[in-house]
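All remarks here apply to the structure that follows.
The numbers here are math on the coordinates, done by the rules we state, and not lab data. Here the structure is a predicted model, which is why all the values come from computation and not from measurement. Cβ sites come from the backbone with ideal geometry, for glycine too, and all protein chains shown count toward neighbours.
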Amino acid sequence: MNQVFLYLHVLAAALMGVYLMFPFLAQRIQVLPGQGQFGFLSVLFAANRVGQLALVISLLTGGYLVGKAGLSVAWMVIVVVLFLALGALTGVLGSAMRKALADPNGGSIGTYAGKIKSVSVISGILFFVLLTLMMFRF
C-alpha cells in the first residue's frame, strides 16, 4: 500500500511542477495581443486548477506516508504550514485569473496582470522550498 501512495504522491508532485513554470509563463501575459492574452490566461487558469487538485492529492497521500514514516514533529508542522500557504496562494492566483477572464474581450487582463505575476512568483518559490524540504527531511 505504501508503494501506491508513494506513486500517487510523486505523480501529484510532478503535476504541481507547473508552479515552478508559472513565474516564467506569467511574464508572457502582457506581451501577447488582446485575444492571445485571453487564450493564454485560460490555459494558465486550467493549469492552476490541475495544480490545485494535485496539491490536495499530495496533501492526502503525504499525510498517509508521514503517518507511516515517523518523521519529526517540527518537519511535519513546517510542511503542513507550507502546503496550506501554497493552497491559499494558488487560490488567490485562481481568483485573480477568474476576475481577469470575466471580460471575454480581455479588457480586464491588464488590471490583474501584476497581481498574477507577483503571486505566481511567490507560489513558485514556495513550491521550490516545499520540494526541497521533501527531498531533505530532518
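Before moving on, here are some points about what is shown:
- Only Lys, Arg, Asp and Glu carry charge here, each on its Cβ (+1 for the first two, -1 for the last two); on that basis the chain has a dipole of about 60 debye about its Cα centre.
- Alpha-carbon centroids, segment 29-68 and segment 88-124: separation in whole Å: 13
- Packing-based ranking of 3-15, 55-67 yields 55-67, 3-15, ordered from highest to lowest mean Cβ neighbour count within 10 Å.
- Remark: segment 122-138, residue by residue, has Karplus-estimated 3J(HN,Hα) of 5, 5, x, 5, 5, 5, 4, 5, 5, 5, 5, 5, 5, 7, 10, 6, 10 Hz, where x stands for each Gly or Pro and the curve is 6.51 cos²θ - 1.76 cosθ + 1.60 at θ = phi - 60°.
- Selection among 10, 125, 37 by position relative to the dipole of segment 2-135 gives 37 as farthest towards the positive end (Cβ unit charges, Cα centre).
- Sorted from longest to shortest, the spans of the Cα atoms of the chain along the three principal axes equal 52, 26, 19 Å.
- The chain: angle of helix 2-15 to the longest principal axis, Cα-based, in degrees nearest 10: 20
- Cα-based shape type of segment 55-103, given that a ≥ b ≥ c are square roots of the gyration tensor eigenvalues and the cut on a/c is 1.5: oblate
- Rounded to the nearest whole Hz, the Karplus-based 3J(HN,Hα) values (6.51 cos²θ - 1.76 cosθ + 1.60, θ = phi - 60°) of segment 44-56 follow the sequence 5, 5, 5, 5, 5, 5, 5, x, 5, 4, 5, 5, 5, with x at glycine and proline.
- Solvent-free Debye scattering, log10 I(q)/I(0), computed from the Cα coordinates of segment 4-83 at q = 0.13, 0.16, 0.17, 0.22 Å⁻¹: -0.52, -0.68, -0.73, -0.98
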